[in-house]
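Undergrad: Starting off with a structure, shown below.
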Amino acid sequence: MGEIKLTDVKKSFGALAVLKDIDLHIKDGEFVVFVGPSGCGKSTLLRTIAGLEKVTGGEIEIDGKRVNDVTAADRGLAMVFQSYALYPHMSVRQNLAFGLENSNMPKAEITERINEAARMLEIEAYMDRRPGQLSGGQRQRVAIGRAIVRRPTAFLLDEPLSNLDAELRVSTRAELAALHGRLGSTMIYVTHDQVEAMTLAHRIVVMRAGKIEQVGTPLELYNEPANRFVAGFIGAPHMNFLKADVVEVSGEMASLSVAGGYRVQVRLGHAQLTPGQKVTVGVRPQHLVVSNDPLSPSVKVRLVEALGSETVIHGDIAGEKLLAVLPGQQRLNAGDEVRFDLTTPPLHVFDDNGIRLLTHAGQVV
Amino acid sequence: MTTPSLSSLIMAPVNAVMRIIDAPLRRLQKATGIGGMAAFFLAPNMLIFGIFVLLPLVINFVYSMTGGTAFFLSERDFIGGAQYSRLFECQNYLDPMSCQEDAFWTAVGNTFWFVLIQVTLMILTALITALILNRELAARSFWRAVFFFPVLLSPVVVGLIWKWILQRQGLLNFGLYQFGMEPYTWLTDRTWTFAATIGVSIWAHMGFYALIILAGLQAIPKDLYEAAEMDGTKPARVFWRITLPLLAPNLLVVVVLALIKSVQVFDEIYVLTGGGPGTSTLFLTQYIYETGFASALRNPGLAAAASILMGGVLVVLTLIQLGIGKRGENKGKR
Amino acid sequence: MGKVARFILRRKGGQGWHWTDIVTWFWLVGGLIIMFGPAIWLAFSSFKTPAALAEFPPSILPYVTSQATVEGYDKPLMLYDAKMPDGSTRVLAEVRRIGLVAQMVDPKAPGEIVKVNINDRSPVRTMSFATNNYTEPFVHFDFLRYLWNSVFVTVVATLITLVVNSMAAFALSKYEFKGRSLAMLVILATLMVPLSVIMVPLYSIISTLGLFNSLWGVILPTVATPTGVFILRQYMLTIPDELLDAARMDKASEWQIYWRIVLPLTAPALAVLAIFSVVWRWNDFLWPLIVLSRRELYTLQVGLSIYSGELNVQWHFILAMTVVTMIPVVLVFIFLQRFITTGIAGTGLK
Ligand SMILES: Nc1ncnc2c1ncn2[C@@H]1O[C@H](COP(=O)(O)OP(=O)(O)OP(=O)(O)O)[C@@H](O)[C@H]1O
Ligand SMILES: [Mg+2]
């Protein structure tokens, strides 16, 4: 069992409020990823759940029991640290055994658990080496191993892959996903990396400045971001935001003027728009397609990044910046003019507080 | 499985003890929380500090205001500032012999001259030694060790080594004899004995200061010297314009440190001369020691008063040192 | 050989002898003689008999005049190289001396007395180490006791120093608590309080606690050294806090974290402090001199100074015991000098 429930959790260091009213319900076996800009409180939230930091307000429950006053040792959780925090003076085996010895487990069982974890993580070959004699990837496995042998109710992982090189990250990511599938325990995972978040998470928690901005499945966040912040944070390169005015509302549809007067139509759904209202239109760079229609808005290309499989265009549209990711290789150069179709891609409309009002599905070509 | 090593054999019982200690400490941790454990870890040190350093520091003031020969405070009478006025009671303030406590003023005078000459000469030799050790020498660490050797010797050993050399049949007289000079009993001559105390204490401590100065020299970036060489600067000018200014903060700290140690001079001199001949090498610490403990007419109150005066000088010196250190740190940050 | 010489005599700029090269070599060689010479001279002297010690001019190595037992004479006789009138030299034993003439016999043919002018004979000397300078003080005086007391004080004080100061350093480097900076300040302040300033009240405290004339009275006041706390704290600050958090997650108690995680990782700094502490405590003099007034409690340093201060100094014993006192420090110097010098250069503390 590994159900974790946070109610109104607050944490401050002196006068500095780092976590503000965090409410979150993590179900047993769920893989939850915390993302957010640096310093937003992800690690602090994780450490609060772990019991390494005491909350200044609110409740933490694990499996229905209030654990605010339970020490880190007794919460039954295991943590994998960004720096791995392996004990440098102990061998890999001793590193894995340390926590089990501390809970007075019989020797035979300790050995059995260690061997099982070693087999699972394929670290048997270097059980008697010290962390200093291991590569970064090997250390990372040992750190995970140290968590696994404890058979915790939930795993807490704080940027566990951030010290690995790009290639190793990709393979370890896949292994982590497989591991979660096999163990089936709750995992809470902090990362900076979008791809990690999108690929691993059942649900992503987006945080900003000590608050939760949105909780949802990766695709929910991608398709229906709650606000401009989430919209900009999820997806790379980030979403384009263009200033727009509501020109006309008629029945189901509203007409917006963007990019210096260019008109787009959006379906209203449940949203309310009033003519003259100032809004922001969001469009993902990947959804932009080149248009030959002379009425489409013109974009001045400032920079072309040719990545081979795709081409990233940095441009200006009526004085605003615009990014576009075009498939394949394009014959474009800085200084060129190019037109993009704004009527077909999905569009998100945000009010001037950044709250998403509606998403216009568009026609995916 | 590896065979148990020697260290693991030694550590096994220690570890067992530590495991036994752990159980009550876990309970303590439960009761007081992690913050309470900080107090637990700090307690032994603070207790010892408190009893053996802070408490004496405080009662020293009380002592200095009481009279009699008893050591227990309860048996001592309060006499106010009488000990201090006794120390400062002189007929003629220019002549220490006219003071009631002439021994104190002799010790003050001796210490003053000792500190002045010893620190000056020692820092000079230490600086020269450091400059030489900072050159491109073969086997530099060997040479550094050579000058450092006497630093480790105990003061008693230092005193005895030199007493043996300076005695009538000693090595010094032997050397002079080789040049056809008469043997001399150095340690019965007031001037020579004073000179000997200075020489011996320089011999014993110079290596320590040379080492610190050397560390300072090595911290001066090499590229400065290379730049100077590119400009064709003369070595003497390099020393005065680059080495010395950059070494100055380090050197200042070393000087104050040497002053602090020098004011407290005692051990090796006590063994070498016993303060004699007469009172020619009686220094402050010996005065305090003898007034407090050794003489038949012991007067702990007077000794405490004298030690407080000496402590005042040391506090001033230490504050200067800390001030210099702070300034150096700030400079480093910028 | 050529290479070695060139390496050793390497000079500034490589060509010619600059005056600074000459000063350097003068200083280094002079330093070598002045720094080591006195101790070596003392060590050589410690093997001389009292008679040889009284000689002037002294010899460097311990020589004694040879003696031989000659048939017909009860006491052993002194052997001399005597110059014969024919210019040859013979080894003769002196029977007696009358004015300027010595009556001598050939040890192999003791019947015949040979008269030799005393200026024509010189004593036969052989090297001989008076090892009983070393054994006597241990056997007949209390020096074995003193040695034991010194070892006890040094070892126990060093162990306590390591434990007490590492615990404090742990608290001051790894916990946030109210009064932490106050504690640091107090410790810093004690740097200013040398023994010479507080010896009178400290003595009264030691007496009150019943520690006068006890080795514990020597040990306890010295074990909480600010230097120790600083060296260790500085080192512990470099141990990442995540390691401690990891151990907390691993159900380690704070005591275990100190003992199993932090202490092993602080080993290099502990080693430096241990070496310092051994040298300090071994060399301590003034405080043991005050606390210990019974002979059987003296440490080597106190014993040496008391014996050497007596009217009738038995230098041959004193010299030998001085050498014994020097031995641990010389061993530290030979094997651990590098630790100490880098320790001092790094912290500026002695
Ligand atoms: N022990 C502490 N004392 C005071 N402030 C702290 C402490 N720990 C964290 N903070 C502050 O709390 C805020 C959140 O820190 P936290 O480490 O949780 O950020 P994060 O989201 O994990 O950032 P990153 O992505 O860079 O790891 C930061 O402003 C940080 O400075
Ligand atoms: Mg973080």
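Undergrad: Across region A:24-39, what is the number of residues that are within 15 Å of ligand 1 (Cβ to nearest atom) and open to solvent by 20 Å² or more (accessible area, probe 1.4 Å)?
TA: 3
Undergrad: Now a separate question. Among the listed residues A:117, A:85, identify the single one that is open to solvent by less than 60 Å² (accessible area, probe 1.4 Å), more than 12 Å from chain C (Cβ to nearest Cβ) and within 30 Å of residue A:67 (Cα to Cα).
TA: A:117
Undergrad: If you don't mind, there's one more thing I want to ask. Given the criterion small (Gly, Ala, Ser) and either modelled with pLDDT of 90 or more or surrounded by 15 or more Cβ atoms within 10 Å (Cβ to Cβ) (or both), identify the matching residue among A:315, A:335.
TA: A:315
Undergrad: I'd like the full set of residues that are away from ligand 1 (no atom under 15 Å from the Cβ) and surrounded by 14 or more Cβ atoms within 10 Å (Cβ to Cβ), limited to region A:10-23.
TA: Of everything in region A:10-23, just one residue is away from ligand 1 (no atom under 15 Å from the Cβ) and surrounded by 14 or more Cβ atoms within 10 Å (Cβ to Cβ), namely A:21.
Undergrad: Hey, among the residues in region A:40-55 that are more than 10 Å from chain C (Cβ to nearest Cβ), touching a Lys or Arg at 6+ places or on another chain (Cβ under 7 Å) and within 8 Å of ligand 1 (Cβ to nearest atom), which one's most open to solvent (accessible area, probe 1.4 Å)?
TA: A:44
Undergrad: Further question on the same structure: Would you point out which residue out of A:312, A:266, A:279 is in contact with a His (Cβ under 7 Å, 6 or more places away or on another chain) and either among the β-branched types (Val, Ile, Thr) or over 28 Å from residue A:214 (Cβ atoms) (or both)?
TA: The match here is A:266.
Undergrad: Which of the residues that make up region C:164-183 are of a type outside the set (Gly, Ala, Ser) and within 14 Å of residue C:224 (Cβ to Cβ)?
TA: Selection gives C:164, C:165, C:167, C:172.
Undergrad: Here's another thing I want to ask about it. Return the pairs, sorted by first residue and then second, in which the second residue is outside any helix (DSSP H, G or I) and at pLDDT 85 or above, the first residue lies in region B:25-41 and is within 9 Å of chain C (Cβ to nearest Cβ) and more than 18 Å from residue A:53 (Cα to Cα), the beta carbons are less than 6 Å apart, and the residues are 6+ apart or on different chains.
TA: Listed by first residue and then by second, the contacts come to B:26/C:253.
Undergrad: For region A:1-47, give me each residue that is free of Cβ contacts under 8 Å to residues at least 60 places away in the same chain and away from ligand 2 (no atom under 16 Å from the Cβ).
TA: A:5, A:6, A:7, A:8, A:9, A:10, A:12, A:14, A:15, A:25, listed by residue number.
Undergrad: What number of residues in region B:156-191 are within 27 Å of the chain's Cα centre (by Cα) and surrounded by fewer than 17 Cβ atoms within 10 Å (Cβ to Cβ)?
TA: Residues flagged as within 27 Å of the chain's Cα centre (by Cα) and surrounded by fewer than 17 Cβ atoms within 10 Å (Cβ to Cβ) within region B:156-191 amount to 4.
Undergrad: Sticking with this structure for a sec: Tally up the residues in region B:209-234 that are open to solvent by 80 Å² or more (accessible area, probe 1.4 Å) and either at pLDDT below 85 or in contact with a Lys or Arg (Cβ under 8 Å, 6 or more places away or on another chain) (or both), please.
TA: The qualifying residues number 7.
Undergrad: Look through region B:158-179, keep the residues that are within 19 Å of residue C:61 (Cα to Cα) and part of a loop (DSSP other than H, G, I, E, B), and return whichever of them is nearest to the other protein chains (Cβ to nearest Cβ).
TA: B:169
Undergrad: Could you grab the pairs with beta carbons closer than 6 Å, sequence gap of 6+ or different chains, first residue in region C:55-83 and closer than 14 Å to residue C:122 by Cβ, second one open to solvent by 70 Å² or more (accessible area, probe 1.4 Å) and among the hydroxyl-bearing types (Ser, Thr, Tyr)?
TA: Close Cβ pairs (under 6 Å, with a partner that is open to solvent by 70 Å² or more (accessible area, probe 1.4 Å) and among the hydroxyl-bearing types (Ser, Thr, Tyr)) amount to C:81/C:89; C:83/C:89.
Undergrad: Oh, and also: Among the numbered criteria (1) open to solvent by 10 Å² or more (accessible area, probe 1.4 Å); (2) of a type in the set (S, T, N, Q); (3) within 26 Å of residue B:11 (Cα to Cα), which single criterion is violated by residue C:266?
TA: (1)
Undergrad: Residues being under 14 Å from residue A:94 (Cα atoms), in contact (Cβ under 8 Å) with a residue 24 or more places away in the chain and of a type outside the set (Phe, Trp, Tyr): count how many of those fall in region A:117-131.
TA: 8
Undergrad: Let me ask you something else. On the given criteria, is residue C:305 more than 7 Å from every other protein chain (Cβ to nearest Cβ) and within 30 Å of residue C:210 (Cβ to Cβ)?
TA: no
Undergrad: Checking residue C:78 against (1) buried (at least 17 other Cβ atoms within 10 Å of the Cβ); (2) on the phi > 0 side of the Ramachandran plot, only one condition comes out false. Which one?
TA: Here residue C:78 meets the rest and fails (2).
Undergrad: Please verify whether region A:167-182 includes one or more residues that are within 16 Å of ligand 1 (Cβ to nearest atom), surrounded by 21 or more Cβ atoms within 10 Å (Cβ to Cβ) and of a type outside the set (Ser, Thr, Tyr).
TA: no
Undergrad: On to the next question. How many residues, within region A:63-85, are over 22 Å from the mean Cα position of the chain (by Cα) and either part of a loop (DSSP other than H, G, I, E, B) or within 16 Å of ligand 1 (Cβ to nearest atom) (or both)?
TA: Looking only at that region, the number is 11.
Undergrad: Just one of (1) more than 26 Å from residue A:217 (Cβ to Cβ); (2) within 16 Å of ligand 2 (Cβ to nearest atom) trips up residue A:50, so point out which.
TA: Result: residue A:50 fails condition (1) only.
Undergrad: Got a sec? Which of B:324, B:269, B:308 is in a helix (DSSP H, G or I) and within 10 Å of another protein chain (Cβ to nearest Cβ)?
TA: Criteria check complete, one pass: B:308.
Results for (1) within 16 Å of ligand 2 (Cβ to nearest atom); (2) open to solvent by less than 10 Å² (accessible area, probe 1.4 Å); (3) within 18 Å of residue A:184 (Cα to Cα); (4) of a type in the set (A, V, I, L, M, F, W, C), shown as yes or no for each residue.
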residue: A:135; (1), (2), (3), (4): no, no, no, no
residue: A:138; (1), (2), (3), (4): no, no, no, no
residue: A:142; (1), (2), (3), (4): no, yes, no, yes
residue: A:147; (1), (2), (3), (4): no, yes, yes, yes
residue: A:154; (1), (2), (3), (4): no, yes, yes, yes
residue: A:159; (1), (2), (3), (4): yes, no, no, no
residue: A:163; (1), (2), (3), (4): yes, no, no, no
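Undergrad: Within region C:204-241, track down each residue that is open to solvent by 50 Å² or more (accessible area, probe 1.4 Å) and either under 25 Å from the mean Cα position of the chain (by Cα) or free of Cβ contacts under 8 Å to residues at least 24 places away in the same chain (or both).
TA: C:208, C:209, C:210, C:216, C:238, C:240
Undergrad: Does region C:177-207 hold any residues that are of a type in the set (Ser, Thr, Tyr) and facing another protein chain (nearest Cβ under 7 Å), and which are they?
TA: C:190, C:196, C:203, C:204, C:207
Undergrad: Residue under question is residue B:51, and the condition is that it be facing chain C (nearest Cβ under 9 Å), more than 25 Å from residue C:178 (Cα to Cα) and open to solvent by 40 Å² or more (accessible area, probe 1.4 Å); does it hold?
TA: no
Undergrad: While we're on this one: Checking the structure you have, find out if any residue of region C:167-181 is under 30 Å from residue C:325 (Cα atoms) and more than 16 Å from ligand 1 (Cβ to nearest atom).
TA: No - not one qualifying residue is present in region C:167-181.
The values are calculated or read from the model by the stated rules, or taken from the named source; none is laboratory data. If you're wondering where the values come from, they're calculated on a predicted model, not measured in any experiment. No Cβ is skipped: glycine too gets one built from the backbone with ideal geometry, and neighbour counts run over all protein chains shown. The protein model used for the area step is the full one, side chains on, heavy atoms only, and it has no ligands, DNA or RNA in it. Shrake-Rupley method; radii C 1.70, N 1.55, O 1.52, S 1.80 Å.
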